[in-house]
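Just below is one structure, and these are the notes that go with it.
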Amino acid sequence: MTDLGISLALLATTVLLCEATRRLISRLFSGKDYAIYLVEIVSTYQLCACTHELKVLGEVGRIEPHIALTLTFIITVVHVITFHGAFANPNGAIENVYRKNITGKAAVARITCMFIGGEAAQLLVPHIWSLGLSDHHLRHKRFGFKCFSPINGSLLEAAGVELACTFAVQAAVLHIHKLDERLHAPVIAAVITSLVYSGGHISGAVFNPIMAFSVQFPCSGHTLLEYAFVYWLGPVIGMAMCILLFDKIIPLLSGKSTMGLGIPVVQKKKIQ
């Protein structure tokens, strides 16, 4: 089996195991308030573990850009479909507090669960790579699983890219309910894939604080504070600006109530 085939098998296995775990949680803890927190951990692990594999496949395996973008699109569709109400992104929890869908205490608990899932992926994935299932895993192991910062511009430029990418994804999420539900996953995936293509060469185009914590923060090249500025502050500001624009400024200028946007109360699935 080729290196690409092995990575695809690992991605599929990760998703299938996580999905089986989510279904088991739903059966064992049906009706329990804490079930969603367990789902949050599992879904965040799935997101980060898959991203770790895609990152090493691109950086060590040197796959063609069009293949990498195709995989990004496909795995994003899978994430959106399988998350079962998990946010897997702190911005999702923060936004839902703003919309009074969840309490601040619940948001803190869910963000904590995201960190647990992200940390689990950061710790467990190298053990899978250590098995040496593919040549690029062996090469990665040979260099101690070291990775390097994807930031190629200044910190301000990188933070600007993360801000802009988050703004674009948030805008898509705010208006996706206007489309047929069957189109939600592919449209969101198409937006994210386009942003990865456009901004990936500057900041890596992560626009998810938890995914950055798990995948980018361990890499050499920048300090923790610098990474936090780019990958935490940038996305949070981007989300806030988008909500401010579409919930406050546009309705104010058009003379409509903020309720006129028709944003559904259901939890939005945030994957990037």
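The values are calculated or read from the model by the stated rules, or taken from the named source; none is laboratory data. Here the structure is a predicted model, which means the values were calculated and not measured. Quick reminder, even Gly has a Cβ in these numbers, built from the backbone with ideal geometry, and neighbours come from all protein chains shown. All accessible areas refer to the heavy atoms of the entire protein, side chains included, with ligands and DNA or RNA removed. Shrake-Rupley method; radii C 1.70, N 1.55, O 1.52, S 1.80 Å.
Pairs Lys100/Lys178; Lys55/Lys105; Lys100/Lys248: which are spaced more than 26 Å apart, C-alpha to C-alpha?
Working: Lys100/Lys178 22 Å; Lys55/Lys105 33 Å; Lys100/Lys248 16 Å.
In this structure, Lys55/Lys105 lie more than 26 Å apart at Cα.
With springs only between Cα atoms under 10 Å, which of Asn91, Asn101, Asn208 fluctuates most in a Gaussian network model of the chain? Sorting by GNM fluctuation, first place goes to Asn101.
So how strong a dipole does the stretch 1-254 carry about its Cα centre when Lys and Arg Cβ are +1 and Asp and Glu Cβ are -1, to the nearest 20 debye? Can you show the working numbers first?
Numbers: 17 positive and 16 negative charges, 99 e Å.
In debye, rounded to 20, the stretch 1-254 gives about 480.
Heavy-atom accessible area with a 1.4 Å probe sorts Glu40, Glu119, largest first, into Glu119, Glu40.
The ratio of the alpha-carbon radius of gyration of the stretch 1-254 to the globular-protein estimate 2.2 N^0.38 Å is 1.00.
Kindly express, to the nearest 10 degrees and within the range 0 to 90, the angle between helix 234-243's C-alpha long axis and the longest C-alpha principal axis of the chain. So the inclination is approximately 30 degrees. Working from Cα positions, state the angle (0 to 90°, nearest 10) between the long axis of helix 65-82 and the longest principal axis of the chain. Computed tilt is about 60 degrees.
Which net charge results when you count Lys and Arg as +1 and Asp and Glu as -1 among the other residues whose beta-carbon is under 9 Å from that of Ile151? With Lys, Arg at +1 and Asp, Glu at -1, the neighbours total -2.
A 1.4 Å probe run over the protein chains yields, for the stretch 1-254, 48 Å² of accessible area per residue, whole-number rounding. Computed over protein heavy atoms with a 1.4 Å probe, the carbon and sulfur contribution to the accessible area of the stretch 40-163 reaches 69%.
In order along the stretch 173-186, the Karplus-derived 3J(HN,Hα) couplings, from 6.51 cos²θ - 1.76 cosθ + 1.60 at θ = phi - 60°, round to 5, 5, 10, 5, 5, 6, 9, 4, 4, 5, 8, 4, 4, x Hz, and Gly and Pro are given as x. The angle between the Cα long axis of helix 35-59 and the main principal axis of the chain comes to about 50°, on a 0 to 90 degree scale. For Ala228 and Asn101, the difference between the fully extended length at 0.36 nm per residue and the C-alpha to C-alpha distance is 43.0 nm.
Within the chain, the cysteines lacking any other cysteine Cβ closer than 4.7 Å to their own Cβ are Cys18, Cys48, Cys50, Cys113, Cys165, Cys242.
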